[in-house]
Every structure is written in C-alpha cells, then in structure tokens.
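Please treat every number below as a calculation from the coordinates, not as lab data. Nothing here was measured: the structure is a model prediction, and the numbers come from that model. Heads up, the Cβs are rebuilt from the backbone with ideal geometry, glycines too, and the neighbour counts pull from every protein chain shown.
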Amino acid sequence: MKKDFAILGIESTCDETSAALLVDGKKLVSNVIYSQIEEHKKYHGVVPELASRAHAAKIATVIDEALAGRDIDCVAFARGPGLPGGLMVGRVAAQTLANFKKVPILGVNHLEGHLFACEFEDGEVKNPLTFPLVALIVSGGHTELWHVKNYGQYKVLGRTRDDAAGEAFDKVAKLLGLAYPGGPQVSAQALQGRRDAVDFPRPLLPGTWDFSFSGIKTAVSYYLRDHQHISVPDVCASFEQAVCETLVKKTMLAAEKYKVKHIAVGGGVAANSLLRQMMVDEGQKRGIAVHFVPRKMSSDNAAMIALAAYKQLQHAGPGAFEKKWNININPNLQVKNWGK
Ligand code: KG4
Ligand code: ZN
C-alpha cells in the first residue's frame, strides 16, 4: 500500500451515522459520529424507520466533515449485520463516493469492526491484538463469543438466543423509568446499590456457549410487580451483577477450554465499568490478558470500520484493489467460520 494510504470508513448499521478517515491503518484523522439518541429516546429503543430517515438526512454532512477536503484511496462501509434501511444508506453513500473518486470500495462486517476497535488508543492504532484469542462482542444488538485463531479465522462459539446484553440493560432501564440508552443509566444507579440485594438468575446454559438475557429481564419485571417498595439502585446493582457474572464466567470458560492467553472485549456494553473490572480481575487470576476497547471507541463508530477494512486489504494480497462498486448489504452477515 502506498504511503499515507487513506481509507474513508462509513458506519450506519444501527443508530449512529458515522464517517472516519484513517491514514496508513494507524492514524485517525477524523471520526465524526452523529448519534440518533434524541430521535429514539422517547421509544426506549431504536425505531428502524426513524433510523433510516436520520441516516439519509445526515450521511452527506458527516462524510463531508470527516473528509475535510482530503483525498482518499479507498472507501469502506459496514455491510452488515444491521438494520436494512441504514445499511442501504451507507452502501449508496459509499458507492457514490467511490465511483466519483474512482477508488475501490470494501464491505466490512460491523462486528469485526467492534473487535478491531480494541486496537485504538488516543486516536491511533497502538495496541495490535494478539492471536489466538477469545472475543466477546457485546452490544445493544449482539452478544457473541468467538474463538479467533488468527486474523480472519473465526469460530462463533455462541451467541444470545434472545436479547442482547445491551438490549437487556435498555429494557430494564425502561421498566425502572430510566432514560434511553439504559446501559449508562443502570450502571450509574448501580453505584449506589447493593449487588447482592436481589438474587436474579445467572443463565449459564451449560453445555453450550450461548447466552440468554431475557430471563434476567423478566425476573426484574416480576420483582417489580411483586414488591411495592423497591430500591432502584439495588435492583440496578443486582441486575448488573447478574449480567456481568454471566458474561465473564462464559468468556473465561471459553478461554480456558480453547487454551488462549488473550481475551478481547468490544461493543457498547464493553464501556461498563463492572464488566471491565470483573473481566480483568478474573483474567489476572488465570494468567489471561484482557484487552478492552477504549470507552470512547466502544459504541458504533466509523473508525473501527476503516480499521477493519485496512486489515482486510493487508491480508487480501493482489486483487484486493480491483475496482468493484457493487457490494451487497447483508442484514444478517456473520463472520466466516474457519471450521467446525
Ligand atoms: O455498540 P453499540 O453502540 O450499538 C450496537 O451495535 O448495538 O451498543 C449500544 C448498547 C446499548 O444497549 C447501551 O445501553 C449499551 O450498549 N451500553 C451499556 C453501557 N454503555 C452503553 N451497557 C452497559 N453499561 C454501560 N456502561
Ligand atoms: Zn455495534
């Protein structure tokens, strides 16, 4: 790749419209994020139609700001998984720009972006991931556990069977009358509460690497139904403890089973302080290094898409720069499995 190779990344899978410029796969020149929280707040969750409209309204401005008049060598966009309307907006924007600039275009897996976001520090790629590792991608739309043998060699061990962990935080926040998005709200309340106040279930689903969080959420709703005087901080602290224990336990078990010495945690819920602390503590006990995404890069952003695209180019060899402008979106895109 030529010196100062510049990738423009585009992210529009859910409720953030974002564009970022990454130079030489290292230096983050810009990472412009327009969050749609205000649009979705009163519904306590993402409304797909509103999200598509907001992406369409904002994408040109966000790209223009991220480019700041600079030249680019490649355009990358998140082609899935995500909401179809948002993905289409990202795709059309990326194709139009790539065609106009006569540069190649790459489609990136959004979840792979969350994994590589762990490499950023202070606007630069400073902490390369060490393989093999176990990855936990935990956000509002996804909760997945992967065994990553090497770059691009994934095995999805398990995923949530119902709610994603972040979704459970959002739903519990709604039950408690807290604002959207619920994760930071629940977490802030939990600081004042007792983590052993209520014994919510820890659904470990033995024999599988899958997760299930709707049961904890239902347990919270039954608790609220059956108790007149409740302490919001206690419920938040006990709920957070149950979710984090489940995530940490399964991730550690997977790391031990697959004999890896590194764990990477990405996605919006990776901003959670309790999760960070518990995972690092448990890792230390086992001699496993835990790599968390920096808080600032944990939620959806285009910098992680640009970085995942750079990795793709690095590993693709000749042919990667073939100009093809017709990359399809895939709302259910999954990372490629390297084996059984
Ligand atoms: O990665 P992200 O921005 O979007 C998706 O790809 O889903 O994740 C957003 C999710 C929301 O559900 C939000 O409540 C959750 O991440 N979240 C948190 C925290 N900060 C954000 N959950 C728990 N604790 C937090 N501190
Ligand atoms: Zn995401």
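Annotations
- Scan of the stretch 193-232 for residues that are within 27 Å of F292 (Cα to Cα), assigned to a helix (DSSP H, G or I) and among the small types (G, A, S), ordered by number: S214, G215
- A Cβ distance below 9 Å, combined with a sequence gap of six or more or placement on separate chains, defines the contacts here; from the stretch 183-203, residues that are among the aliphatic types (A, V, I, L, M) reach residues that are within 16 Å of ligand 2 (Cβ to nearest atom) and not in a loop (DSSP other than H, G, I, E, B) in the pairs V186/F169; V186/D170.
- With respect to the stated conditions, L22 fails to be touching a residue at least 40 places away in the same chain (Cβ under 8 Å) and part of a helix (DSSP H, G or I).
- Consider the stretch 233-285 and keep the residues that are aliphatic (A, V, I, L, M) and not in a helix (DSSP H, G or I). The one that is nearest to L176 (Cα to Cα) is V265.
- Leading residue by the ranking (farthest from S212 (Cα to Cα)) among those in the stretch 180-197 that are within 16 Å of ligand 2 (Cβ to nearest atom) and crowded, with 23+ Cβ neighbours inside 10 Å: P181
- Hits in the stretch 135-179 - residues which are within 25 Å of E39 (Cβ to Cβ), outside any helix (DSSP H, G or I) and away from ligand 2 (no atom under 16 Å from the Cβ): L176, G177, L178, A179
- Residue in the stretch 30-49 that is closer than 19 Å to N326 by Cβ, aromatic (F, W, Y) and part of a strand (DSSP E or B) present: no
- Check on V108, within 14 Å of ligand 1 (Cβ to nearest atom), under 30 Å from T61 (Cβ atoms) and either of a type in the set (A, V, I, L, M) or surrounded by 22 or more Cβ atoms within 10 Å (Cβ to Cβ) (or both): yes
- Tabulated pairs, the stretch 299-314, first within 16 Å of ligand 1 (Cβ to nearest atom), second among the aromatic types (F, W, Y), C-beta under 6 angstrom, 6+ apart or interchain: M304/F116; L307/F116; A308/F116
- Residue among P132, P206 that is away from ligand 2 (no atom under 15 Å from the Cβ) and either out of contact with any Phe, Trp or Tyr (no Cβ under 8 Å at 6 or more places or on another chain) or small (G, A, S) (or both): P206
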